[in-house]
Amino acid sequence: MIFQKIQSDKFEQVLFCQDSQVGLKAIIALHSLALGPATGGCRFWNYSTEEEALHDVLRLSKGMSYKASLAGLNWGGGKAVILGDTQKTKTPEMLHRFGEFVERLKGHYITAKDVGISADDLREIKKKTQHVLGIEGDAGSSGDPSPATAWGVFFGMRACTQFAFQTNRLKGLKIALQGLGSVSYYLLEHLIAEGAEVIGCDIDPLAVERAVKKYGIEIVSSERIYDVDCDLFAPAALGGAINQDTLGRLKCKVIAGPANNQLESPEIGYEIMSRGIVYAPDYAINAGGLINIYYEEPRQGGFNRVQALEHVSQIEKTMTHLLERAREDQLPTHVVADRMAEERIQKALRTQLS
């Protein structure tokens, strides 16, 4: 079953890491190295089962391959998960051991921050491997990726509204923002400055308080956000927000937001297209954080924020091209995004073989 999955999705390597002395159980998945080293964050999560952890790391790793490819980066896709409770089982010794496993891959995998891993955790990992990027607070670091992610989402939204409303200006549009976390907080700055009307929600009262205090946006419950009469619905919370139960409730012409894995299933993408809704595939619009960290690479001459943000702004062109091709091919945008990403990967593989 495992080999069937990694063969069908063309994974290059899946590494199971364990050390009972320090309590480490981890999985590192390298989906593709055709464009460069497999890069993606390490997630520390208390999974219900080991099968759930494997499913997550494979899904995320493949997503990173496509995200890097579509963003024009010379990186492949990788991801790591450490199984455990961050409050109870995480120790420096465990992180050191994980770093040793990363180092054994000799640069084929570059790790970074993800859910459950802090900048201090990355510093512990870096004691055992040089293949770590994105440590906030360190000299030469690209810092918090949230502002860059928000910047890219903003430009991706502009491409989508051009298709839906024949204008890339968001002024006067009503946006339902599902989630007010770190990326959304920075995104709000651009949306409000542009003159958009934002209605938000979040299960965290502190996130709600921060957004209201700074921007004075209207707030509804997390359940009611799907029923807001709006121009653009922006998923910015957990995955699977667009599903059979919620899609029919949406009253919008555009779905575009920073959340990962927005569609509960690929079939939902076809339903979105049949309803005439413009959809921005998640890894196409939320690549800003990955692009930002790319410019931290030593081979790029050190981190350059100006170049990074300029590259991030090109997400508008990428999204425009994707939407145009989807219209021409009469296919859902998530299918076209996958094809565009895979085409660049396959071209690199052919070049290597020639």
Mean-position separation - Cα centroids, the range 217-237 and the range 306-342, in angstrom: 25
Under 25 Å from LYS127, Cα to Cα: lysines that are on another chain or at least 8 residues apart: LYS25, LYS79, LYS88, LYS90, LYS106, LYS113
Dipole magnitude of the range 137-241, debye to nearest 20 (Cβ charges: Lys/Arg +1, Asp/Glu -1, about Cα centre): 300
Heavy-atom SASA rank of THR89, THR111 (probe 1.4 Å, accessible area, largest first): THR89, THR111
Cβ charges +1 (Lys, Arg) and -1 (Asp, Glu), total dipole of the range 61-206, debye: 560
Bridge type composition, the chain - antiparallel percent by DSSP, nearest 5: 30
Gyration tensor (Cα) of the chain, equivalent ellipsoid semi-axes in angstrom: 32, 23, 20
In nm, spacing of pseudo-spin labels at THR89 and GLU209 (7 Å Cα→C-beta vector): 3.3
Kirkwood-based shape ratio for the range 227-309, expressed as Rg/Rh from alpha carbons: 1.13
The chain - accessible surface per residue (Å², probe 1.4 Å): 46
Lys/Arg +1, Asp/Glu -1 at C-beta; the chain dipole; positive extreme among HIS108, MET157, SER61: HIS108
Sequence-distant lysines (8 or more away, or on other chains) whose Cα lies within less than 24 Å of LYS317: LYS62, LYS67, LYS171, LYS174, LYS253, LYS347
Folded to 0 to 90 degrees: helix 182-194 orientation relative to the chain principal axis, Cα: 30
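Subtract the Cα-Cα distance of GLU342 and LEU15 from 0.36 nm times their separation in residues, and report this length gain in nm to one decimal.
In short, 115.4 nm is gained.
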Estimated dipole of the chain in Debye, rounded to 20 [Cβ of Lys and Arg +1, of Asp and Glu -1, Cα centre]: 740
For SER118, solvent-accessible area (1.4 Å; no DNA, RNA or ligand), Å²: 50
ILE219-ALA119 pseudo-label distance in nm [points 7 Å out on the Cα-to-Cβ vector]: 2.7
Theoretical ellipticity at 222 nm over the chain - DSSP helices of four or more residues, -39500 (n - 2.57) apiece, nearest 500: -14000 deg cm²/dmol
Whole-percent carbon and sulfur share, accessible surface of the chain, 1.4 Å: 50
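The values are calculated or read from the model by the stated rules, or taken from the named source; none is laboratory data. In this text, all values refer to a predicted model and were calculated from it rather than measured experimentally. All Cβ positions, glycine included, derive from the backbone under ideal geometry; neighbour counts span all protein chains shown. Side chains included, ligands, DNA and RNA excluded: accessible areas come from the protein's heavy atoms. Shrake-Rupley method; radii C 1.70, N 1.55, O 1.52, S 1.80 Å.
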